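These notes concern the structure reproduced below.
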Amino acid sequence: MANIHLLVLVHGMWGNPGHLAHMDKIIREVKGNTENAAADEPELAVLVAQTNRDESTYDGIDWGGERVAQEILEEVKKYEEKGSNVTRFSIMGYSLGGLLARYVIGILHQNKFFDKVTPVNFNTVATPHIGIPRFPSTFSAIASYLGPKLLSRTGEQFFCVDKWSPKGRPIVEVLADPDRIFYQALLLFPNITVYANAINDLTVPYVTAAIDSSDVFSEYENNGIEIEFHDQYKHVIKSYTVSSSPLRTAKEQPGFFTSMKNIRPPPLPPVLQRSFPLNIVVYALLPILFPTFISLALVRLSISSRHSKSRLKLLEADESNKEKLIHIIAKLESEIEGVVMDIYENPGHTPSSSSSIPVKESTNFSQELVVETLFTPVQLRCIDNLNKIPQLKKERAFFADVRNSHAMIVCRDVKNFQFHVAGEAVLRHWADHFEL
């Protein structure tokens, strides 16, 4: 009977299994070779979650997690029917998939899954562990207003405006509550590593992906931070030192022609990326195309959100779903949440984040050069609780000169965006450190 180490990969919002194809390829290449494996070493099996995809990702962390958990249990049963035995378990979540992964392991733990299967690796990449934080900018204010309205249940949970528990606590806070099964399930994994983009992630900012209350990378060009990279893993930070004397040298203003030469063209979908002279035509039409695309996107989001709400009504009305973990937790919440909230009234000091890389940080570092994040008390409590996990490690990826590094960190679409391949260094770092 073959022993199986089951690795589950969970994609993000609007995602599909194809988004993690490169991740799947790398881990199989690094850890899937059984020719030279020891006799007692388990065989790696990779499950790229299929059930919660595309529009289904609007349905919330909870219902998405229920789908993925059921898919995992069915996969384990298939191996048992073939005469194999799943003895070890790991999970990797990208973006929203990381929050789903945290919910999934709670479901598995509730079902006594880990009584028979050993939890090994829990990893996330660019996951909004504390939700999407607010920043003092117009764009952030607009996103915080529209996100919960256009992204259905998931949007409400992203921005922590959901009232998931009977007493009104958002699901992100419940996931980070040490008294809840999700947190307790996380503690069972000996290897917990979160990967975060240090800069240029416009989708999931550093502070939420790295579970950190400060962002020393936000002004890296001016604060004198010194960064050392891994020789073997380009773009993965090995160590960094924060200078006590931030750089404040004024940059020389470029001339008009130099400025024009350095202007970056606006981001375009692959279908509109054309070479000269067609690119001139495309750019000339942008004043028409841009508002048209924005309008179509808003309409599509609204329709998808409406479909999601219809699905959620059916799910809630289905009597067979009454024993899902969402309802079990709700019962517990109604019984003891009052006591928990009393304990949480004073969140206290938020500790500095744990890290797997050496950090030298001066106490004289100027806070003027740190971009302000408008954390809520809920988010601060999440940071506090999650950073108390002793085996938590953090890895930072650093992609300069890109508009948005969110897709690049997992090589999400190498076919249409060749520059996404730069994220392979991060994937190889993860694969090499993956305990089989």
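Share of the stretch 21-111's accessible area from carbon and sulfur, percent, 1.4 Å?
Ligands and nucleic acids excluded, carbon and sulfur reach 39 percent.
In whole Hz and in residue order, list the ³J(HN,Hα) couplings for the stretch 415-426 that follow from phi through the Karplus curve 6.51 cos²θ - 1.76 cosθ + 1.60, θ = phi - 60°; x for Gly and Pro.
These are the phi-based 3J(HN,Hα) values: 4, 8, 10, 4, 5, 4, 5, 4, x, 4, 4, 5 Hz.
Ignoring any ligand, DNA or RNA, what whole percent of the accessible area of the stretch 128-177 comes from carbon and sulfur when the probe is 1.4 angstrom?
Carbon and sulfur: 63 percent of the exposed surface of the stretch 128-177.
For Arg381, what accessible area in Å² do you get when you roll a 1.4 Å probe over the heavy atoms of the protein chains, rounding to the nearest 10?
30 Å²
List every residue whose amide H lies under 5 Å from the amide H of Ile192, counting only residues 5 or more places away in sequence or on a different chain, with H placed 1.01 Å from N in the peptide plane.
Counting only residues 5 or more places away or on other chains, the set is Phe122, Lys393.
If you wrap a convex hull around the alpha carbons of the stretch 69-191, what volume per residue comes out, as a whole number of Å³?
Output value, Cα hull per residue: 125 Å³.
Name the shape class, rounded, prolate or oblate, that the alpha-carbon gyration tensor gives for the stretch 1-79, where a ≥ b ≥ c are the square roots of its eigenvalues, rounded holds for a/c under 1.5, and otherwise prolate holds if a/b is larger than b/c and oblate otherwise.
Verdict is oblate for the stretch 1-79.
Kindly write out, for the stretch 157-164 in residue order, the coupling ³J(HN,Hα) from the Karplus curve 6.51 cos²θ - 1.76 cosθ + 1.60 (θ = phi - 60°), rounded to whole Hz, with x marking Gly and Pro.
Computed from phi, the couplings for the stretch 157-164 are 6, 4, 9, 6, 9, 6, 10, 5 Hz.
Which of the residue pairs Lys112/Lys393; Lys82/Lys415; Lys149/Lys388; Lys78/Lys393 have a Cα-Cα distance greater than 30 Å in the structure shown?
Lys82/Lys415; Lys149/Lys388; Lys78/Lys393
Taking θ = phi - 60°, what integer Hz values does the Karplus form 6.51 cos²θ - 1.76 cosθ + 1.60 yield along the stretch 227-237, in sequence order, with x for Gly and Pro?
Listing the rounded values in order: 10, 10, 9, 5, 5, 7, 10, 4, 6, 9, 6 Hz.
Take the Cβ-Cβ distance between Ser310 and Thr51 as r, set R0 to 25 Å, and report the resulting FRET efficiency rounded to the nearest 0.05.
It comes to 0.85.
Note down, for the stretch 12-138, the three equivalent ellipsoid semi-axes (square root of 5 times each alpha carbon gyration tensor eigenvalue), biggest first, whole angstrom.
28, 17, 14
Given labels modelled 7 Å from the Cα in the Cβ direction, how far is it in nm from Lys116 to Asn191?
2.4 nm
May I ask you to rank Met408, Met1 by accessible area, largest first, using a 1.4 Å probe over the protein chains only?
Met1, Met408
Accessible area, 1.4 Å probe, largest first: how do Asp162, Asp54 sort?
The ordering from most to least exposed comes out as Asp54, Asp162.
The values are calculated or read from the model by the stated rules, or taken from the named source; none is laboratory data. In this text, all values refer to a predicted model and were calculated from it rather than measured experimentally. Note: ideal-geometry Cβ built from the backbone for every residue, glycine included; neighbour counts use all protein chains shown. Just the protein is used for accessible areas: all its heavy atoms, side chains included, with ligands, DNA and RNA removed. Shrake-Rupley method; radii C 1.70, N 1.55, O 1.52, S 1.80 Å.
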